Amino acid sequence: MSADRSGTASLPLPPGQSGLPWIGETISFIADPDFATKRRQKYGAIFRTHIIGRPTVVMSGAAANKFILSTHFDKFSWRDGWPDNFKELLGASLFLQEGAEHQRNRRLLMPAFHGKALVNYVETMTEITDLYLTKWEQIGDLTWFPELKNLTFEIASILLIGSEPGAETTELSRLFTELTNGLFTIPVKWSYTTYGRALVARDKILNHIDRVVLERQQTPTQDALGLLVQSQDEAGNQLSIAELKVQALLLLFAGHETTTSLVASLCLALAQHPEVLAQARAEQVQIGVDRPITIDSLKQMTYLDRVLREVERMYPPIGGGFRGVVEEFEFNGYRVPKGWQVLYRIPEAHFDAAVYPQPESFDPDRPIDKGSDYNFVTYGGGSRICIGMAFAQMELKIIAAMLLRRNSWELLPNQNLTLDPIPTLHPRDGLKVKFQKL
Ligand code: HEM
C-alpha cells in the first residue's frame, strides 16, 4: 500500500472536511459519539478532518489498524500524537518515548505485569474488592460508576504506587483528579488555575512515589513498585529513581479509568442479558462459590472469559490512538503528509459484520476470531500493545467472579444508559443500580 515519495506526491489527500478556521471539527469530535462512524460511512476507511489544532487523518478497520500498529509502525510517532499538557504532566514516561529508549524501558517495566507478578496481585485485588462489595451491599441503591472508579483506583494505587489503604489513598485519589483535570485544559501555570493545580498535584504524587521507592529499596516487596525497583535487563540496566517515579505515575494514569469503563460495561451488559448472567453464575457455582479465588480457579472460568472478551469487543474503553506522521505515506490511494496527525480507531473493526456476524448483538458464544487479530484491538496492537493488558484482564475477571458469586444488581428506572466515549466509554448517568447480597 505504500509508495515511494515521487509516487506519493501526485496522489490526492484523503476526502473529508477541515471545518471551521482554527478549531476545525474539534467540537463535533468531542460532542458527537458517532463522529467517526458517520464519516466512515460517507468516505470509507480513511478520511481527513482538523481536530485539536492539527490536520488529522482518521483511519479505521483491520487493514488500517495493521498498517499503523504493525507494518508501517516507523512512519508514526507516539510522542507527537500527545498534546503538550501530557508531555509536561506525565513527563518522560513510556507513552512519550520512542525507539531504543522506549524498548529499554518497556523491557524494564514488563516484569511487573506478567507471570509470577500477577499471581501476587490476586490477594490484594480480592481483598479490596471484598471491602467494596460489603460497602455497596450496605448502601443498596447506588450510582455505580464513581464507586467502580474508587475501587479500581484503590487497586491501582496500592499495587502500582504503593499507597496505604485509607486516608493516604483518598488523598492520592484527590491529587490524581487534579492532575487529570490538567490534561485537557489551557496550560496557564498560575497557582489558582486548573493547570497550575495539576502541576502541584503531580509534584505531590511524585514526592509520595519517591518516598515509597526509597522504602522499597531498603525492603523489597512484591507489589509492582517493589518489582520495578529490582527490575534489571540482561545488560544490567535499571530504572533510575527519577525514571521510576514518572513511569509509576503513568501506570496509575493508564491503569484505572480504562478498567473502570470495562467493569461498568460488563455490569450493564449482564443486567441487560439475564441468560448470560445465569450461565456465568452457574459456572461460579460449579467451581465453588466458597473456594478462594486463585490463579488456578481463574483459569477454570472459561465461560467468563468469553463474556469478558465479548464485553471488550463491544465496549472498548478507548476509541483509538493518536500518532504524529513522521514520514509521508500512502493508504488506499491517498497521500498523508508528514507533520499531520493520525487517529486509528478501535470500535469500527469490532463491528465489522464480515468478521462478527450481527455485530450489535451481545453474544459470548460467537467464535473467537484468532486469525485476524487487528479486528480486535481493545488494547491496541503490535509491539506497543498495552503493557497492562494481563493486569487489567485479571482484575476484571476477579471483580466479575466476586460479583457473580455474591451479588445481584438491577438497573434503576429513569436513567440515561447512553455510553459517552470521551475520555473513556462511560454511562451518561453513572449507572444507577439496586445492589444486593444474593
Ligand atoms: C481495560 C483496561 C485497559 C485498556 C482498554 C487499555 C488500552 C490500551 C490501549 C488501546 C493502548 C494503546 C494505545 C495506542 O495504541 O495509542 C494501551 C497502551 C498502554 N497501556 Fe493500557 N489499557 C488498559 C489497562 C492498562 C493498565 C492496567 C495499565 C498499567 C497498569 C496500562 C498501561 C498502558 C501503557 C503503559 C501503555 C503504553 C504501552 C507502550 O507504549 O509500550 N493499561 N492501553
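The values are calculated or read from the model by the stated rules, or taken from the named source; none is laboratory data. These numbers come from a predicted model, not from an experiment. Reconstructed Cβ throughout: ideal geometry from the backbone, glycine too, with neighbour counts over all protein chains shown. These area figures cover heavy atoms from the full protein model, side chains too; ligands, DNA and RNA do not enter into them. Shrake-Rupley method; radii C 1.70, N 1.55, O 1.52, S 1.80 Å.
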Task: Per DSSP, loop GluC sites (Glu not before Pro) in the range 161-261 with at most 12 further Cβ within 10 Å - done: 234
- [ ] Determine which aspartates and glutamates satisfy two conditions relative to residue 338: a Cα distance under 13 Å, and not lying fewer than 8 residues away in the same chain.
- [x] 74, 80, 327, 328, 330
TODO: Please report the relative contact order for the chain, taking Cα pairs under 8 Å with a sequence separation of at least 6, and give it as a percent rounded to a whole number.
DONE: 25
Task: residue 331 long-range amide H proximity, modeled H, under 5 Å - done: 336
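Need one word for the range 57-190: rounded, prolate or oblate. Basis is the Cα gyration tensor (sqrt eigenvalues a ≥ b ≥ c); a/c below 1.5 gives rounded, then a/b vs b/c decides. Walk me through the numbers before you get to the answer.
Values: a/c = 1.86, a/b = 1.55, b/c = 1.20.
Prolate.
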Task: Cut-off under 5 Å, modelled amide H: who pairs with residue 13 long-range - done: 335
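Treat every Asp and Glu Cβ in the range 177-268 as -1 and every Lys and Arg Cβ as +1, leave all other atoms uncharged, and give the resulting dipole magnitude about the Cα centre to the nearest 20 debye.
Working: 7 positive and 9 negative charges, 82 e Å.
The calculation lands at about 400 debye.
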Task: Which of 266, 339, 128, positive extreme of dipole for the chain (C-beta unit charges) - done: 339
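If you roll a 1.4 Å probe over the range 1-85 with all protein chains in place, what percent of the accessible area is carbon or sulfur?
Details: 2520 of 4440 Å².
That fraction is 57 percent.
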TODO: Compute the FRET efficiency between residue 143 and residue 9 as 1/(1 + (r/R0)^6), taking r as their Cβ-Cβ distance and R0 = 41 Å, and round to the nearest 0.05.
DONE: 0.15
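How high is the FRET efficiency between residue 428 and residue 235 when r is their beta carbon distance and R₀ equals 41 Å, given to the nearest 0.05?
Values: r = 50 Å, r/R0 = 1.21.
It comes to 0.25.
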Open item on the list: Starting from the 7 Å offset along Cα-to-Cβ, what nm value, one decimal, do you get for the label separation of residue 296 and residue 186?
Closed with: 6.1
Open item on the list: Below 8 Å between Cα atoms, with a sequence gap of 6+, how large is the relative contact order for the range 299-438 in percent?
Closed with: 23
- [ ] Quick one: compute the contact order of the range 180-294, relative version, from alpha carbon pairs under 8 angstrom and 6+ residues apart, as a percent.
- [x] 13
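Mind running the shape call on the chain? Use the C-alpha gyration tensor, a ≥ b ≥ c as the square roots of the eigenvalues: rounded below 1.5 for a/c, prolate if a/b tops b/c, oblate otherwise. Numbers along the way, then the final one.
Working: a/c = 1.57, a/b = 1.21, b/c = 1.29.
Since a/c reaches 1.5 but b/c is at least a/b, the shape of the chain is classed as oblate.
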Open item on the list: Which residue fluctuates most in the GNM of the chain (Cα springs below 10 Å): 14, 83, 317?
Closed with: 83
Task: Phi to ³J(HN,Hα) by Karplus 6.51 cos²θ - 1.76 cosθ + 1.60 over the range 393-399, Hz, x for Gly, Pro - done: 5, 5, 4, 4, 5, 5, 4
- [ ] Please give, to one decimal in nm, the separation of the simple spin-label points placed at residue 42 and residue 332, each 7 Å out from Cα toward the Cβ.
- [x] 1.4
Open item on the list: Starting from the 7 Å offset along Cα-to-Cβ, what nm value, one decimal, do you get for the label separation of residue 221 and residue 17?
Closed with: 5.4
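Kindly state, to the nearest 0.05, the FRET efficiency for residue 127 paired with residue 242, given R0 = 45 Å and r defined as their beta-carbon distance. Please report the intermediate quantities before stating the final value.
On the way: r = 32 Å, r/R0 = 0.71.
Given R0 = 45 Å and the Cβ-Cβ separation, E is 0.90.
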TODO: With a probe of 1.4 Å, find how much accessible area the chain has per residue, and write the answer as a whole number in Å².
DONE: 45
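Express in nm, to one decimal, how much length is gained between residue 116 and residue 88 on full extension, taking 0.36 nm for each residue of separation and deducting their alpha carbon distance. Before the final figure, lay out each step's value.
On the way: separation 28, 0.36 × 28 = 10.08 nm, distance 3.36 nm.
Contour length minus the Cα-Cα distance gives 6.7 nm.
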Open item on the list: Need one number: % antiparallel among DSSP beta bridges in the chain, to the nearest 5.
Closed with: 85
Open item on the list: Connecting C-alpha atoms closer than 10 Å in a GNM of the chain, tell me which of 194, 418, 219 has the biggest fluctuation.
Closed with: 219
- [ ] Once you have a ≥ b ≥ c as the square roots of the Cα gyration tensor eigenvalues for the range 205-343, tell me rounded if a/c is under 1.5, and otherwise prolate or oblate according to whether a/b is larger than b/c.
- [x] oblate
